[in-house]
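**Q** The following block contains the structure, expressed as structure tokens.
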Amino acid sequence: MGQRHAAKFPRSIILSVSCLCLFLLSSHPASGWHDRAHLAVARAAGYVSWYNAAGPDMAKMKFGPTEGTNHWCNNSAGVEVTPSFVLDQVKQYNKASDQEGHLYGAIIASIRAYVQDQEEGKYAGYHMAFCAHYIGDLSMPLHNVPYDAFNETRHNANDGTVELGALNNIGLIRKNMYSIVIRDEPDLAREIARIANIARRLASKLREENRDMTQDEAYAELSHSASLLRAVLFYAKRENSSSLCGSTSTMKSAQVSAPVDIDRLARNIAVADHHEGDVSDLLHSSKTADRHKIGVQ
């Protein structure tokens, strides 16, 4: 009596806990670009809620691999990323069990969630914040290759290549931005694949030369993310506008919200590098011009 005996746990519980620990230890622990780089991409793209763009890394700390696997893609096979590769990942969104990671699919899945919540009259803004963050991670070279010894050793330094100056050098990101027009999801998948392959090539170069990114290389990568994010913001707004046009309860709004001329929109995007406000201003200018064109008042 009075002696304390160690509790005996069933073997099945011990094995389950052991497997969980191994899974957590084997998961991809790295962050993407650090906070200011994510915020700089969002500001350069004209995202009005740019201050939310670093939030998904906070969520990753809270929810572990459920969120973390949305931030990278190991691509262990080392294959060229294709649109079908991207689209195949969408179903893995928020799935902790996918240890390969599904960054590319997370971008599309978060946009789908944004559009769906908008259609249902819900607040959808946080879905776009997640999307903005994932698009930032897309251009980070070491988030597109396996997390091996080189990646682990170099990752933190490369995440922070431009961290100190990013918010003061948004012009360096805008300087290299370019026009992307997304008409539909296949367009989006092609652009994601293209930027992923650019990042993968730079990762291979860094590995071959056994070095970190230069600041010039980092800003060039961030410009790819900012260009895509700007296009996604237009695409998501246009998708939402289209859903309104299909609703009989918003017929009056549909008359005002004339379809956006894609070619005109592309021209507006091309000059948006010098635009300091939200991309909704440019979208509005396209719609206004289109209303005058077709005689809608």
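What follows draws every value from the coordinates through simple rules; no lab data is involved. Here the structure is a predicted model, which means the values were calculated and not measured. FYI the Cβ positions are ideal-geometry reconstructions off the backbone, even for glycines, and counts take in every protein chain you see.
**Q** How large, in Å, is region 110-150 by the Kirkwood hydrodynamic radius built from its alpha-carbon pairs?
**A** Kirkwood hydrodynamic radius for region 110-150: 11.7 Å.
**Q** Taking R0 as 25 Å, what's the FRET efficiency between Q116 and V181 from their Cβ-Cβ distance, rounded to 0.05?
**A** Numbers: r = 23 Å, r/R0 = 0.91.
About 0.65, to the nearest 0.05.
**Q** Starting from 0 in steps of 10 Å, tell me what percent of the Cα-Cα pairs of region 108-253 lands in each bin.
**A** In whole percents, the pair-distance histogram is 11, 36, 30, 16, 6, 2, 0.
**Q** Per q in 0.18, 0.26, 0.31 Å⁻¹, report the Debye log10 I(q)/I(0) for region 183-224, using one uniform scatterer on each alpha carbon and no solvent.
**A** Here log10 of I(q) over I(0) equals -0.58, -0.89, -1.05.
**Q** Another one. Based on the alpha-carbon set only, what is the convex hull volume of region 33-83 divided per residue, in Å³? Don't jump to the answer; show the numbers that get you there.
**A** Numbers: hull volume 6.2 nm³, N = 51.
Taking only Cα atoms, region 33-83 has a hull volume of 121 Å³ per residue.
**Q** For a quick check: with amide H placed at 1.01 Å from N, whose amide H comes under 5 Å from G101's, ignoring anything fewer than 5 positions away on the same chain?
**A** So G101 has HN proximity to N74.
**Q** A further question follows. Go through region 154-248 and name the trypsin sites (Lys or Arg not before Pro) that are in a DSSP coil and have 14 or fewer other Cβ atoms within 10 Å of their Cβ.
**A** Listed in order of number, the matching sites are R183, R211.
**Q** Enumerate by residue number the GluC sites (Glu not before Pro) in region 93-140 meeting two conditions: DSSP loop (anything except H, G, I, E, B), and at most 11 other Cβ atoms within 10 Å of the site's Cβ.
**A** Sparse-neighbourhood loop GluC sites (Glu not before Pro): E120.
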